[in-house]
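Remarks on the structure that follows.
The values are calculated or read from the model by the stated rules, or taken from the named source; none is laboratory data. A quick note: this is a predicted structure, and the numbers were derived from the prediction, not measured. Reconstructed Cβ throughout: ideal geometry from the backbone, glycine too, with neighbour counts over all protein chains shown.
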Amino acid sequence: MKTTTILLAALLLGSASLVKAQPKLELVGGSKFDLGSVYRGAMAERYITLKNSGTDTLLISRVDVSCGCTGTMVSNDHIAPGDTGGLLITFNSKNFRGAVHKTVTVNSNDPSQPQALIQFEGTVVEDVVVTPEYLWFQDAEVGVKNTRMLTIKNDGKEGLLLRTFSSQLPGLSLALPAEPIRPGTSVQLPVVYTPAAANPVLAERMTITTSDPHQPEIVVAVYGNAKGGKADKEKNREENPQQTGSKIGH
C-alpha cells in the first residue's frame, strides 16, 4: 500500500511538472528602441536578442511589420529553454521625412504573450532637399519642349556639387550647375522633356549623383503621358481622310 502511494505521488508530480513546462519570450533590452537620426535614403538596422526564459522550446511562428519599409530576419525560430536567438530589424528611410514610428510583432507559442510588440522610432533628416518629389508631364506633345522646375536645397554644412544626371526616359534632359550649391541656399533647375514618340503612360525616374556623403544619389520620379504632335495629326489625317471629310447622306 505504501509503495503504491509513493508511485502515485511520483506520477502526479511528474504530470504536474509536464503541465507547467512552457516557453517564455523575453525581449532582452526591452521592447522599445530609438534609431536616432537617419539620413533619408539610408537603411537603418537594429539587432534584438530573443531569449527563452521558460521551460519548454520557444517557437517563433512569424514576424509581422506595420509598414513595407520595415524588414525582419529571425536567426532561429526554435529556441531551447535558456537559449537565445536573434531578430534583425531593418528600416528603409527612402520615402520618409521627419519623425517616424513603426511596430514589429513577434508571434510565438508563449502562452503569456503570443504576440510580443516591438516599437521603434527615429527621425529622418536630409542634407539635400528636393521639391517636388516627382515631376508630372501631362499631355506632352511629341517634338515639343515641356519644362518643369526642380528645386534643390543644400541643408548640409559643406558645398553641394551635383555631379551627374541620368534617366532611362528618352527626351528627358537636365543641365547641372557647374558650381557647388552653398550651404543654406537652393537652386532651381529646368527639367526639359521633348518626347520623340507618343507614350500613353510615363512612369520613369531620373537620378542625380551628388557630393554629399549621406545622400550621394537623388532620385525623382517622372509621370505623365506623351501624345502625338502636329506631324502625327497630319499623317493620321492623310491615312484616314474619311474621318476629316464631310459625310454625304443618302
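Taking the stretch 212-225 only, how many residues are assigned to a strand (DSSP E or B) and either touching a Ser or Thr at 6+ places or on another chain (Cβ under 9 Å) or among the hydroxyl-bearing types (Ser, Thr, Tyr) (or both)?
6
Could you say which residue among Gln113, Gln119 is assigned to a loop (DSSP other than H, G, I, E, B), outside the structural domain of Ile181 (by TED's automatic domain parsing) and at negative phi?
Gln113
Any chance the stretch 189-211 includes a residue that's closer than 30 Å to Val125 by Cβ, under 26 Å from the mean Cα position of the chain (by Cα) and not in a strand (DSSP E or B)?
Among the residues of the stretch 189-211, at least one is closer than 30 Å to Val125 by Cβ, under 26 Å from the mean Cα position of the chain (by Cα) and not in a strand (DSSP E or B), which makes the answer yes.
So in the stretch 186-211, with the set limited to residues that are aliphatic (A, V, I, L, M) and under 16 Å from Val142 (Cβ atoms), which one is surrounded by the fewest Cβ atoms within 10 Å (Cβ to Cβ)?
Among those residues, the one meeting the criterion is Val201.
Go through (1) touching a Pro at 6+ places or on another chain (Cβ under 9 Å); (2) in a strand (DSSP E or B); (3) outside the structural domain of Ser61 (by TED's automatic domain parsing) for Trp136 and report which single condition fails.
Going through (1) touching a Pro at 6+ places or on another chain (Cβ under 9 Å); (2) in a strand (DSSP E or B); (3) outside the structural domain of Ser61 (by TED's automatic domain parsing) one by one, Trp136 breaks only (1).
For (1) surrounded by fewer than 14 Cβ atoms within 10 Å (Cβ to Cβ); (2) more than 22 Å from the chain's Cα centre (by Cα), each residue gets a yes or a no:
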{"site": "Ser108", "(1), (2)": "no, yes"}
{"site": "Gln115", "(1), (2)": "yes, yes"}
{"site": "Phe120", "(1), (2)": "no, no"}
{"site": "Val125", "(1), (2)": "no, no"}
{"site": "Phe137", "(1), (2)": "no, yes"}
{"site": "Gly156", "(1), (2)": "no, yes"}
{"site": "Gln168", "(1), (2)": "yes, no"}
